[in-house]
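So the structure is just underneath, and the comments pick up after that.
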Amino acid sequence: MSTTRPQSRTDSTLSVGSSTSTSESPKEAGGTGGAYQQKSALEQNAVFGEKRTRMLQLLRQTDEVLADVASLNGSGSGSGGSGSGSGSGSSGGIRVPPRTPTQTLTVLAVPAAFATAGGDVEAHLLAGRLSEAADHLRRMLQRIEDTRSRVLVTGDLNGGKSTFVNALLRRHIVPDDQQPCTALFCEVVDAVQNAGTEEVHGIRDAAAYDPRDKASYTPFAVDILREVVEDNEPGYEMLKVYCHDGRPREESVLNNGIVDISLIDSPGLNIDSMKTTSLMAQQEEIDVIVFVVNAENHFTLSGKEFLQNAGKEKAYIFIVVNRFDQIRRKDRCKRDILAQIAEISPLTYAHADQLVHFVAAKQTLEKTGDAQSYKDFTRLEDNLRSFILEKRARSKLNPAKLFMANILNDLAVLCEYNHALSVSTSAEISNQLSETAPSYERMLRIQEQFLDDLERTIDETAVRANAFARDQLSNFLESVETYVEDVEWGGVLGMWQYSRDLRNAVYRLAAVRLRRCEDFAVKSSVGCVKNIETMAESCMEHPPVVDMTVVTTAFEDGSAEAGRAAAMTMFVPMELGDFFDFMDKVEVLKEYIPSVGLMVGGLFGYHSVTAGIWKNDQTMVRGKTAFMGLSLAGVGMFLYSLSDMKNVVDRKVLGKIKSHLKSVGLVDANSERIARGTRRVLRLAIWEFRNQFQRVLIDAQHKRQGLSEKRTQAESNKDEFRALGVRVDTLQRIVES
């Protein structure tokens, strides 16, 4: 990047393309008439032409740079980010550096009130400054391309301005009178610029005036100019008078063969027109100001104020002290007026021999003066022509050089500052992208692993819950006997109650086992959601918040209770008779018939034997002993059968219950019910999570995309400002050379 060059504020003419010194005074710039004067003018014109060509090239190149800078500012290409100073902000546009004692903008400076505004306000203000600078540059370009020089003739009321203009033309053109006559601006131009036709154009809008467009003016004859000026009934803004100057080129002011000159006769200075005339004198189109002062009145307050205002823009003023023939003590008049000039315009006073002239314009116009009077006016004309030619460099080229030096300095400051800001912005954005990359990648993994295939994530948890429930319920049915050992056996007489208690115990244990399966499903669902939440917390500043109530109460709402009740009612209505059918009773009886038969047979046999004993029958004694043995055996067998009754009931009742539970689908129905409930609550919870997560992820994606675009823009700006800085530096070197 180029470094900022010091601002150039000299009032010297560009020396590009010429070795001729340009700091010469008006005296050195021209002679006092004759062949030498014409030769000097030709030499000056050649030098001016060379400098003018070079200046036009520099102006066009500077205009191109301005257009490129304006394009960068208008495209929202500011570095943004969190740069320091006034370069901070998130909006587009070129940033304006903070003001420092060594780095301050001149032409492009924004108002102090908005110096820290930043963002769009600053970019908008800078765009306005760039547009104004470009317009000013193009006006200068047009002015330098225009080979004409415009001379404003002004002065106090009734000072003889119009008479002086007529004297320069050697004919009566603009109206003059003893009373103030001119009430609007009259620009006198050589008729050659109007196809050789003498006429006056009444112009209502000077900005829209085009001599080729007859709709932009009203033409009328020169002869009625006085009437138009005095009345001005149509309300013209200015008049353009095309007329011939029949004198030879070396004597003519309007057509001297080198440069076309127009004389602008202005209204006299007064309270109403002074402001207008002052503004007119400061316009870029005015090359020379000729101030006409009445020798009898010297400088009035209005005249002094005008010269002070005009002196801010024009360093040298050509002063004509008119009606000098009316002064008796001419030396005293000269001394007093020169003293006033020294106070008002020191530079003009320093070159008073060439810039201050004491003449009698009316005598020259009417050819009534003496030889000295003619000589003085001829000397005035020679110096005026020479001053106009020399002043072209000062009035046309120097303002352009000064403006270009200032605008290029401002552009160099902007390019250097924004290049550095683009570099820091690019680095800052790269750091932001690097710092947020791990969390962003984890979010993408969560998206890919869990949320992109949401059904798979839900199914995995539901399958685990289903498998657990199936395993738990199947194991329960297979080993249900081990879970009912604590049911109290009430003996043979309480066998039926025992069977009911046994059935109810199995139901309670089945319900507990179902609840355990549901709790496992809830725990698995919570774990699934928590796992996703934990991963989200590791990569998100504000992770989504999921209401876990919908998961923890998955099997506690009405639908879950209804499902569990439905599963239980499939076997609740059964009675004990359903388990002890006729065949079961036969089997039970078959267990007890042998023992009962032995016992009964023994008792009956024992009774017969006892009866025989009384009859002393030995055989009967032996029979008695045998039947007694049978009875004892039957009793033993019966007692044994009673002792095994609990096992028989357990085996029969539990077998029936297990068969019934399998037939009504305790395992399959409840496993599927739990799996469905798991899927339902996970869909609710994870879908809610995913919706929130998607919004955060999309925001993160947009933010990273925006940062990437800003980094790309910053890299592009860095290259743009570097290239612009090189171009600006090259132009600065040429302008300052």
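The values are calculated or read from the model by the stated rules, or taken from the named source; none is laboratory data. This structure is a prediction, so every number in the text was calculated from the model and none was measured. All Cβ positions, even for glycine, are placed from backbone atoms using ideal geometry, and neighbour counts span all protein chains on display.
Condition first: under 18 Å from His351 (Cα atoms) and not in a helix (DSSP H, G or I). Now tell me which residues in region 288-311 satisfy that.
First, the residues of region 288-311 that are under 18 Å from His351 (Cα atoms): 288-293, 307-308, 310-311.
Passing the criteria: Val288, Ile289, Val290, Phe291, Val292, Val293.
So, in region 354-392, of the ones that are crowded, with 22+ Cβ neighbours inside 10 Å and of a type in the set (Gly, Ala, Ser), which residue ends up nearest to Ile317 (Cα to Cα)?
Checking each candidate, the answer is Ser386.
Would a scan of region 427-442 turn up a residue that is surrounded by 21 or more Cβ atoms within 10 Å (Cβ to Cβ), modelled with pLDDT of 90 or more and either over 30 Å from Ala510 (Cα atoms) or basic (Lys, Arg) (or both)? Walk me through it before giving the result.
If we filter region 427-442 for residues that are surrounded by 21 or more Cβ atoms within 10 Å (Cβ to Cβ), which is where we start, we get 429.
If we keep only those that are modelled with pLDDT of 90 or more too, we end up with 429.
This time we only want the ones that are either over 30 Å from Ala510 (Cα atoms) or basic (Lys, Arg) (or both), so: 429.
For region 427-442, residues surrounded by 21 or more Cβ atoms within 10 Å (Cβ to Cβ), modelled with pLDDT of 90 or more and either over 30 Å from Ala510 (Cα atoms) or basic (Lys, Arg) (or both): present.
If you go through region 175-212, how many residues are at pLDDT 90 or above, β-branched (Val, Ile, Thr) and more than 21 Å from Asp382 (Cα to Cα)?
3
Out of the helices (runs of 4 or more DSSP H) lying entirely within region 493-600, which hold 2 or more residues that are farther than 30 Å from Ser439 by Cα and either at pLDDT 75 or above or among the aliphatic types (A, V, I, L, M) (or both)? Even if it seems obvious, please write down each step before you answer.
Details: elements: 495-537, 549-552, 558-569.
Fully inside region 493-600 and qualifying: 495-537, 558-569.
What single numbered condition from (1) touching a residue at least 12 places away in the same chain (Cβ under 8 Å); (2) over 26 Å from the mean Cα position of the chain (by Cα); (3) not assigned by TED's automatic domain parsing to the domain that holds Pro544 fails to hold for Glu448?
(1) is the only condition that Glu448 fails.
Anything in region 457-484 that is within 59 Å of the chain's Cα centre (by Cα) and hydroxyl-bearing (Ser, Thr, Tyr)? List them, or say none. First the steps, then the outcome.
From region 457-484, those within 59 Å of the chain's Cα centre (by Cα) are 457-469; that's our starting set.
Across region 457-484, the qualifying residues are Thr457, Thr461.
Restricting attention to region 398-408, and to residues there that are surrounded by 24 or more Cβ atoms within 10 Å (Cβ to Cβ) and in contact with a Lys or Arg (Cβ under 9 Å, 6 or more places away or on another chain), which single residue is farthest from Gln142 (Cα to Cα)? Outline the logic, then answer.
Within region 398-408, the first condition is being surrounded by 24 or more Cβ atoms within 10 Å (Cβ to Cβ), and the residues that meet it are 400-401, 404, 407-408.
Narrowing further to those that are in contact with a Lys or Arg (Cβ under 9 Å, 6 or more places away or on another chain): 400, 408.
On the way: Ala400: 11, Leu408: 19 Å.
If we take residues in region 398-408 being surrounded by 24 or more Cβ atoms within 10 Å (Cβ to Cβ) and in contact with a Lys or Arg (Cβ under 9 Å, 6 or more places away or on another chain), then Leu408 is farthest from Gln142 (Cα to Cα).
Can you find, within region 216-230, the residue that is surrounded by the fewest Cβ atoms within 10 Å (Cβ to Cβ) among those that are of a type outside the set (A, V, I, L, M) and out of contact with any strand residue (DSSP E or B) (no Cβ under 6 Å at 6 or more places or on another chain)? Steps first, please.
Initial filter on region 216-230 (of a type outside the set (A, V, I, L, M)): 216-220, 223, 226-227, 230.
When the remaining residues are screened for being out of contact with any strand residue (DSSP E or B) (no Cβ under 6 Å at 6 or more places or on another chain), the result is 216, 223, 226-227, 230.
On the way: Ser216: 16, Asp223: 9, Arg226: 15, Glu227: 12, Glu230: 14.
Of everything passing the filter in region 216-230, Asp223 is surrounded by the fewest Cβ atoms within 10 Å (Cβ to Cβ).
Among the numbered conditions (1) under 29 Å from Val174 (Cα atoms); (2) touching a Phe, Trp or Tyr at 6+ places or on another chain (Cβ under 9 Å), tell me where Leu347 comes up short.
(1)
When region 134-157 is examined, which residues are found to be modelled with pLDDT of 85 or more and either under 30 Å from Glu296 (Cβ atoms) or among the acidic types (Asp, Glu) (or both)?
Within region 134-157, Asp135, Arg150, Val151, Leu152, Val153, Thr154, Gly155 meet the criteria.
Taking the criterion of being buried (at least 19 other Cβ atoms within 10 Å of the Cβ), outside the structural domain of Val69 (by TED's automatic domain parsing) and at pLDDT below 90, would at least one residue in region 414-426 satisfy it?
Among the residues of region 414-426, not one is buried (at least 19 other Cβ atoms within 10 Å of the Cβ), outside the structural domain of Val69 (by TED's automatic domain parsing) and at pLDDT below 90, which makes the answer no.
With outside the structural domain of Ser252 (by TED's automatic domain parsing), in a helix (DSSP H, G or I) and among the hydrophobic types (A, V, I, L, M, F, W, C) as the only criterion, which of Leu397, Leu380 stands out? Outline the logic, then answer.
On the way: Leu380 fails: outside the structural domain of Ser252 (by TED's automatic domain parsing).
So the residue among Leu397, Leu380 that is outside the structural domain of Ser252 (by TED's automatic domain parsing), in a helix (DSSP H, G or I) and among the hydrophobic types (A, V, I, L, M, F, W, C) is Leu397.
Given the conditions (1) over 30 Å from Ala511 (Cα atoms); (2) without any contact (Cβ under 8 Å) to a residue 40 or more places away in the chain, report the number of the one that Ser663 does not fulfil.
(1)
Which of the residues belonging to region 368-397 are under 22 Å from Phe48 (Cβ atoms) and of a type in the set (Ser, Thr, Tyr)?
Applying the first criterion (under 22 Å from Phe48 (Cβ atoms)) to region 368-397 yields 381-397.
Of everything in region 368-397, those that are under 22 Å from Phe48 (Cβ atoms) and of a type in the set (Ser, Thr, Tyr) turn out to be Ser386, Ser395.
Of everything in region 305-331, what is of a type in the set (Lys, Arg), farther than 16 Å from Ile388 by Cβ and buried (at least 16 other Cβ atoms within 10 Å of the Cβ)? Give them in sequence order.
Within region 305-331, the first condition is being of a type in the set (Lys, Arg), and the residues that meet it are 312, 314, 323, 328-330.
Still in the running and farther than 16 Å from Ile388 by Cβ: 312, 323, 328-330.
Matches in region 305-331: Arg323 only.
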